[in-house]
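Undergrad: Have a look at this one before I ask anything.
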Protein chains: 2
Amino acid sequence: MSAVTIKSLQHRGLPFQVGGKLWIECKGKKFFGPGPVELLELIQKEGSIIKAARAMGLSYKKAWAIIDSANRMTARPLVITQSGGKKGGGTLVTDEAKKLIIYHRSLRKRFEQFLKNETKRLNR
Amino acid sequence: MSAVTIKSLQHRGLPFQVGGKLWIECKGKKFFGPGPVELLELIQKEGSIIKAARAMGLSYKKAWAIIDSANRMTARPLVITQSGGKKGGGTLVTDEAKKLIIYHRSLRKRFEQFLKNETKRLNR
DNA sequence: AGTCGTTATATTTATAAAGATATGACGATA
DNA sequence: TATCGTCATATCTTTATAAATATAACGACT
């Protein structure tokens, strides 16, 4: 039995937590990971995708991909974009998007509570 | 206003769902994604990592990485491995692991209920 | 001593994801 | 019509992840 390996302890105090991630999906394809809501909020604030991306430290390309993907899945558009014009263009978020933002905020709160409860249950 | 883009609808009926993923983490580092529990269950059933891996369609390497990572984070080992011996060796799961498996099953049930509730809330 | 199937690790090869850069279209305004 | 900043897309490069392959140690058993 001398070759039996007993891997030993890293965290004796067992600081275990239940973690998780939520998203909204459409036919199995997720379109609201962690970033998108913040991105929409920033677009609402900044008025353009490129400014929102910079504010989040994302490349425009990445930001655009997120928005485009989400936008393709909703019945009504989440954003209205305009290229050209007064200040080069810009992007507005629709009421549809605003509703989603609000829902997602409350969802996140409930989820955090869920995780907290589960962590308690795990450690008792 | 002619350059204004209105992205149009993919899913008119709005079959939105709330999806998610849970894991158990240790100091911010996750060690129980979706696969590990099933893997542990299969190890328990099969008696070896390599057989469990095959049963799940994983490479041994991947399976071992999962087990090793998890094993390093618990105070007591999740598995006891033996190389060499009667049938080449094998792996046993400890009581620690069995407890985790049981907890994780019940956790998943509660999470599914949570997701179901949230999906309802989202669509009303 | 040689065989066997497993654990454990290293090395290499593919594949995928992410990042950087470049370019054109757009339209109000000057 | 020339300029501007933004939207939108394409291409290339880099990085990270995953898969495939190879190899050594192990110990009961014959």
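Undergrad: Out of the range A:114-124, which residues are more than 10 Å from chain B (Cβ to nearest Cβ) and assigned to a helix (DSSP H, G or I)?
TA: Of everything in the range A:114-124, those that are more than 10 Å from chain B (Cβ to nearest Cβ) and assigned to a helix (DSSP H, G or I) turn out to be A:LYS116, A:LYS120.
Undergrad: Out of B:ILE101, B:ILE80, report the one residue that is under 30 Å from A:GLY28 (Cβ atoms) and of a type in the set (A, V, I, L, M).
TA: B:ILE101 is the lone residue from the list that is under 30 Å from A:GLY28 (Cβ atoms) and of a type in the set (A, V, I, L, M).
Undergrad: Kindly provide the set of residues from the range A:69-106 that are open to solvent by 20 Å² or more (accessible area, probe 1.4 Å), within 16 Å of DNA strand C (Cβ to nearest atom) and at the interface with another protein chain (Cβ under 10 Å from one of its Cβ atoms), ordered by number.
TA: Selection gives A:ILE80, A:THR81, A:GLN82, A:SER83, A:GLY84, A:GLY85, A:GLY89, A:LEU92.
Undergrad: Further, regarding this structure: Among A:ARG54, A:ARG110, A:ARG76, which is more than 14 Å from the chain's Cα centre (by Cα), modelled with pLDDT of 90 or more and under 22 Å from B:GLU118 (Cα atoms)?
TA: A:ARG110
Undergrad: Against the conditions (1) within 14 Å of chain A (Cβ to nearest Cβ); (2) within 11 Å of DNA strand D (Cβ to nearest atom), where does B:GLY57 fall short? Just the number, please.
TA: (1)
Undergrad: Mind checking which pairs have a first residue in the range A:72-93 that is within 15 Å of A:PHE32 (Cβ to Cβ) and a second that is near DNA strand D (Cβ under 10 Å from one of its atoms) and in a strand (DSSP E or B), Cβ under 6 Å, 6 or more apart or different chains?
TA: A:VAL79/A:THR91; A:VAL93/A:VAL79
The values are calculated or read from the model by the stated rules, or taken from the named source; none is laboratory data. All figures in this text were calculated on a predicted structure; none of them were measured in a lab. Because the Cβ atoms are built from the backbone with ideal geometry, glycine has one as well, and the counts that use them run over all protein chains shown. Heads up: the accessible areas ignore ligands, DNA and RNA and are worked out on the full protein's heavy atoms, side chains in. Shrake-Rupley method; radii C 1.70, N 1.55, O 1.52, S 1.80 Å.
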